[in-house]
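Structure record follows, encoded as structure tokens.
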Amino acid sequence: HHLDYKQHKDQFRIPEETEYEQLYGKSKTFVPAIAVDRIIVSGLEDPGPAYFIADGEAVTKLVDLAKNVYSFVTAEPKVNGTQMNVKVSGHAGTNEMPLQTDLRLTTWLVEDGISSKQQQGKDTYIQNGVLRAVLSSNAWGDALNISAYDFEKTYSVDLKPEWKANNMRVVSFVSNY
């Protein structure tokens with residue numbers, strides 16, 4: 001998530017990010033950091049779920065932890081001119097989300113490979129995973145009912161001229177609100 005930090009105005013911040021600021025409170029101590037599925041990892045210096053990690057090897061290990069969590073969501077994006085339509089569907093077996101009472105489907109449109117000139121110390125920096133749009137009705141996701149096990153939701157977003165559709169990907173996940 002891109003947030004303004006002190007006097008620094010982040011060029012990739014979008015209005016929907018404001019909804020996430022309540023996670024940080026009045027301080028922005030979590031910028032920059034990595035959080036993966038809000039996993040708390042013992043042995044890391046920071047209290048989590050956002051961690052300041054100095055090397056790529058530690059980031060890879062943290063991401064690999066999250067890859068062990070089963071995903072039952074499929075996203076099918078289709079670009080038609082300047083519009084992207086996304087069908088998100090899934091099937092939840094009886095044990096995937098036990099005892100969850102308020103499931104939400106959160107869907108984002110992110111872009112990779114963006115050349116940025118905002119970072120200090122480099123002429124250009126390649127930004128990956130930049131959140132361009134929250135496709136869900138809000139940052140916390142759309143209410144999801146899996147009582148019939150199958151679910152489906154469709155989204156549509158107008159692509160801005162500066163976005164590169166070939167560098168876009170859809171990130172969609174189910175969480176307990």
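The values are calculated or read from the model by the stated rules, or taken from the named source; none is laboratory data. All of these numbers come straight from a predicted model, not from anything done at the bench. Virtual Cβ from ideal backbone geometry, glycine too; neighbours counted across all protein chains shown. Protein only, heavy atoms only, side chains kept; ligands, DNA and RNA dropped before computing areas. Shrake-Rupley method; radii C 1.70, N 1.55, O 1.52, S 1.80 Å.
Summary of values
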item	result
Pick from the stretch 71-86, criterion more than 17 Å from the chain's Cα centre (by Cα) and of a type outside the set (Val, Ile, Thr), ranking: most open to solvent (accessible area, probe 1.4 Å)	78
Which numbered condition residue 67 fails, given (1) closer than 23 Å to residue 12 by Cα; (2) at pLDDT below 85; (3) within 16 Å of the chain's Cα centre (by Cα)	(1)
Check on residue 112, free of Cβ contacts under 8 Å to residues at least 40 places away in the same chain, surrounded by 11 or more Cβ atoms within 10 Å (Cβ to Cβ) and not β-branched (Val, Ile, Thr)	no
Residue count for the stretch 126-177, restricted to those that are part of a strand (DSSP E or B) and in contact (Cβ under 8 Å) with a residue 40 or more places away in the chain	25
Contacts under 6 angstrom Cβ, first residue in the stretch 1-13 being open to solvent by 100 Å² or more (accessible area, probe 1.4 Å), partner not in a strand (DSSP E or B), 6 or more apart	1/17; 1/20
Of residues in the stretch 19-44 being touching a Leu at 6+ places or on another chain (Cβ under 9 Å) and of a type in the set (Asp, Glu), the one modelled with the highest pLDDT	21
Single residue of the stretch 145-162 satisfying the filter (open to solvent by less than 30 Å² (accessible area, probe 1.4 Å) and not β-branched (Val, Ile, Thr)) that is farthest from the chain's Cα centre (by Cα)	151
Which listed residue, of 174, 73, 88, 157, is more than 21 Å from residue 15 (Cβ to Cβ) and at pLDDT 95 or above	88
Which listed residue, of 123, 142, is of a type in the set (Asp, Glu) and under 14 Å from residue 103 (Cα atoms)	142
Test: residue 47 is more than 23 Å from residue 176 (Cα to Cα), modelled with pLDDT under 75 and open to solvent by 90 Å² or more (accessible area, probe 1.4 Å)	no
